[in-house]
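Structure record follows, encoded as structure tokens.
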Number of protein chains: 2
Amino acid sequence: MWEKNVRRVIPYTPGEQPGRRDITKLNTNENPYPPAPGVEKTLREFEAGLLRLYPDPEAAQLTEAIAERYDVSPEQVFVGVGSDDVLAMAFLTFFHGKEPILFPDVTYSFYDVWASLFGIPYRCPPLDTQFRIRPEDYLAPNGGIVFPNPNAPTGVMLPVDQVERIVAGNPGSVVIVDEAYVDFGGESALPLVERYDNLLVVQTFSKSRSLAGLRIGFAIGSRKLIRYLNDVKFSFNSYTMNSLTIACGKTCMEDEGYFQKTVARIVATRERMKKELAALGFSFPDSVANFLFIRHENVPAPELFGALKENGIYVRYFAKPRIDEYLRVTVGTDEQADRLLDFFKKYLNDRRA
Amino acid sequence: MWEKNVRRVIPYTPGEQPGRRDITKLNTNENPYPPAPGVEKTLREFEAGLLRLYPDPEAAQLTEAIAERYDVSPEQVFVGVGSDDVLAMAFLTFFHGKEPILFPDVTYSFYDVWASLFGIPYRCPPLDTQFRIRPEDYLAPNGGIVFPNPNAPTGVMLPVDQVERIVAGNPGSVVIVDEAYVDFGGESALPLVERYDNLLVVQTFSKSRSLAGLRIGFAIGSRKLIRYLNDVKFSFNSYTMNSLTIACGKTCMEDEGYFQKTVARIVATRERMKKELAALGFSFPDSVANFLFIRHENVPAPELFGALKENGIYVRYFAKPRIDEYLRVTVGTDEQADRLLDFFKKYLNDRRA
């Protein structure tokens, strides 16, 4: 049978995307604010007839806008269909050795899926009891290193001097720092790119830039790294970024004011949520991302997860060792935060009664 | 050094995408007509605020529109970022055996690139002297089979009863029929899908549906094949199809009248070109695609290629064994055909003088 030749995998499970609009959707870390107003304008004005032509395979307009914003050369920028596409390509390109790659035991749950898909051996050094990465764990022999910073689903940040320790200590490996959430108060490792040609920093338009629906991720690194990455990308699919995405992505990246304003709002809501959640008996690592990783002192996470869902509030629960007592809650608007907090107040109160 | 762990590849080279608009662009088999008018309407009306949300990972609206059009179940449809993405995923999923996969020696030049990228052994049975696939070559032991039908860059069609011979003769392999060009007069193998669970038919929106710029390809096969393909896709990138692409793709697929009308125009232009090119001393296989694969009795292909380019007419030349005496010329509008034919008349005349 033909099935003997099939690659068998256990895929990653993304968070639910319910079609209904009446949901308080705090389960996939989307931005609650619309994308920069220029995006709508770009859609309205885009010449539809041009769609008959292939897009620019280099996606130069988009790559250049990113390079300009981050003050690097366009040859240091790689773009993909969301940061998942960028990370998948980076795994395929850079983790082709025999030694196991390293990533934390508690982390983005796609890493082990990519490793399995591509047959990459891996090892997972445990975070410490406060969910912190221990840099010394990453100074052992390895075939590559990847971690999110801030980490997912905890929101905990590894200070950049510690990131540098890992990058500097591994000249024989590519180190991928996955900064999907860095814009909400983290500190980026981007300044290190100039000094370390083995560092790849990955970011996304899906969170801080409100464009999850358009699928844009990017990586910044040394010219040499980006060249290798592009070689693999052009061996996979010449035209990943479509013409509309290139145009809208450029517009979005160029509106720095809107970006700063919406990010500041989300940070303010997050800090307020921290105070109120603590007062309600929740504890959590000190997240610098657009989500909080919370557990209640008395109520098990699965119970809260179910009760929230019944009441139209979607959050994320991972039934995995070490984190199965937590819920990951996206920071949305103040109104969404109030809906969540009001629910918790009522639920905890009723439960006590 | 970290470079020891890098996957080294020689990427596929796509046709040039010049930014200039004054080019007669007959080099990448794009459709000369704009996409269905509903696509522009969809762009104008799309609610930009929705782009903050992740797209539907199943791309159900698009998948269902395709299923409806081809009279199959949505569970028999897989969508990707152009047919290259679909084919890359299919190679990764189905060609995971130890025996070499088979594809023709003269064919789409991405097949050997994917095979090399994923470490898949392959063997290339030669086409006959008239560029025809010999089905008996594909009845040898193999780890999978893939060929375009009509073939690229020749435009030659293998009759469906011969396709069936290959599919029926290989119950132990997945057979991928890449029908990127089938809508211009070929006969699709889709009716065979119901009887053979090892047949995957791949098509695209990039040619007959004028949406190369939007990146949509799809595959139709048995539920089992599509499930395996989706497992690998969801192990690579959960959200490949963006929200705009899903919406525009659906609109496009639903306008059957426009599709039929524009395809008929291209076929008419192609048949006229055949007559006039023959009269000018060109010979070519009898293409049923939206391109012609031509050689002149007296003038070498590289010379014509250079002269055309100098005069703002881009076609494709492949410096490869067996086909280095040919040019691949996309069938565009009648005006574009006239520009090409007029150039040839003048050039051949001047050359004789």
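The values are calculated or read from the model by the stated rules, or taken from the named source; none is laboratory data. Just so you know, these numbers come straight off a predicted model, no measurement behind them. Cβ sites come from the backbone with ideal geometry, for glycine too, and all protein chains shown count toward neighbours.
A:Glu303 falls short of the stated requirement of being surrounded by fewer than 19 Cβ atoms within 10 Å (Cβ to Cβ), assigned by TED's automatic domain parsing to the domain that holds A:Thr28, over 26 Å from A:Gly185 (Cα atoms) and in contact with a Phe, Trp or Tyr (Cβ under 8 Å, 6 or more places away or on another chain). Listed conditions (1) in contact with a strand residue (DSSP E or B) (Cβ under 9 Å, 6 or more places away or on another chain); (2) facing chain A (nearest Cβ under 7 Å); (3) among the charged types (D, E, K, R) are all met by B:Asp183, apart from (2). Scanning the range A:62-83 for residues that are more than 21 Å from B:Pro11 (Cα to Cα) and surrounded by 24 or more Cβ atoms within 10 Å (Cβ to Cβ) yields A:Leu62, A:Ile66, A:Gly82, A:Ser83. Screening the candidates B:Phe103, B:Phe147 for the property of being more than 30 Å from B:Arg265 (Cα to Cα) and more than 12 Å from chain A (Cβ to nearest Cβ) yields one hit, B:Phe103. Going through (1) buried (at least 20 other Cβ atoms within 10 Å of the Cβ); (2) out of contact with any helix residue (DSSP H, G or I) (no Cβ under 6 Å at 6 or more places or on another chain); (3) closer than 20 Å to A:Thr269 by Cα one by one, A:Asp286 falls short only on (1).
For the range B:256-304, enumerate the residues that are outside any helix (DSSP H, G or I) and over 21 Å from the mean Cα position of the chain (by Cα). Listed by number, the residues that qualify are B:Leu280, B:Gly281, B:Phe282, B:Ser283, B:Arg295, B:His296, B:Glu297, B:Asn298, B:Val299, B:Pro300.
Among the conditions (1) within 10 Å of another protein chain (Cβ to nearest Cβ); (2) buried (at least 24 other Cβ atoms within 10 Å of the Cβ), the only one that B:Asp231 does not satisfy is (2). Apart from one condition, B:Val6 fits all of (1) facing another protein chain (nearest Cβ under 7 Å); (2) buried (at least 18 other Cβ atoms within 10 Å of the Cβ); (3) under 26 Å from the mean Cα position of the chain (by Cα); the exception is (3). Within the range A:21-31, being within 8 Å of chain B (Cβ to nearest Cβ) and under 21 Å from A:Glu310 (Cα atoms) holds for A:Lys25, A:Thr28, A:Glu30.
When the range B:186-228 is limited to residues that are touching a residue at least 40 places away in the same chain (Cβ under 8 Å) and among the polar types (S, T, N, Q), the one that is farthest from the other protein chains (Cβ to nearest Cβ) turns out to be B:Gln203.
Within the range A:34-47, the residues that satisfy the criterion of being in contact (Cβ under 8 Å) with a residue 12 or more places away in the chain and at the interface with another protein chain (Cβ under 7 Å from one of its Cβ atoms) are A:Pro34, A:Pro35, A:Val39, A:Leu43, A:Phe46.
Screening the range A:150-180 for residues that are of a type outside the set (Gly, Ala, Ser), surrounded by fewer than 20 Cβ atoms within 10 Å (Cβ to Cβ) and in contact (Cβ under 8 Å) with a residue 12 or more places away in the chain and picking the one that is farthest from the other protein chains (Cβ to nearest Cβ) gives A:Pro159. Among the residues of the range A:305-337, write down those that are over 25 Å from the mean Cα position of the chain (by Cα) and charged (D, E, K, R). Correct list: A:Glu310 only.
Scanning the range B:92-109 for residues that are surrounded by fewer than 24 Cβ atoms within 10 Å (Cβ to Cβ) and assigned to a helix (DSSP H, G or I) returns no hits.
Across the range B:48-80, the number of residues qualifying as within 9 Å of chain A (Cβ to nearest Cβ) and either assigned to a loop (DSSP other than H, G, I, E, B) or modelled with pLDDT under 95 (or both) comes to 6.
Count of the range A:301-353 residues, restricted to those that are farther than 20 Å from A:Thr269 by Cβ and among the β-branched types (Val, Ile, Thr), is 1. Going residue by residue through the range B:12-20, is there one that turns out to be free of Cβ contacts under 8 Å to residues at least 60 places away in the same chain, surrounded by fewer than 19 Cβ atoms within 10 Å (Cβ to Cβ), within 7 Å of another protein chain (Cβ to nearest Cβ) and in a loop (DSSP other than H, G, I, E, B)? Yes, the conditions are met somewhere in the range B:12-20. Has the range B:244-258 got at least one residue that is surrounded by fewer than 21 Cβ atoms within 10 Å (Cβ to Cβ), in contact (Cβ under 8 Å) with a residue 60 or more places away in the chain and more than 30 Å from B:Leu53 (Cα to Cα)? Yes; the residues of the range B:244-258 include at least one that is surrounded by fewer than 21 Cβ atoms within 10 Å (Cβ to Cβ), in contact (Cβ under 8 Å) with a residue 60 or more places away in the chain and more than 30 Å from B:Leu53 (Cα to Cα).
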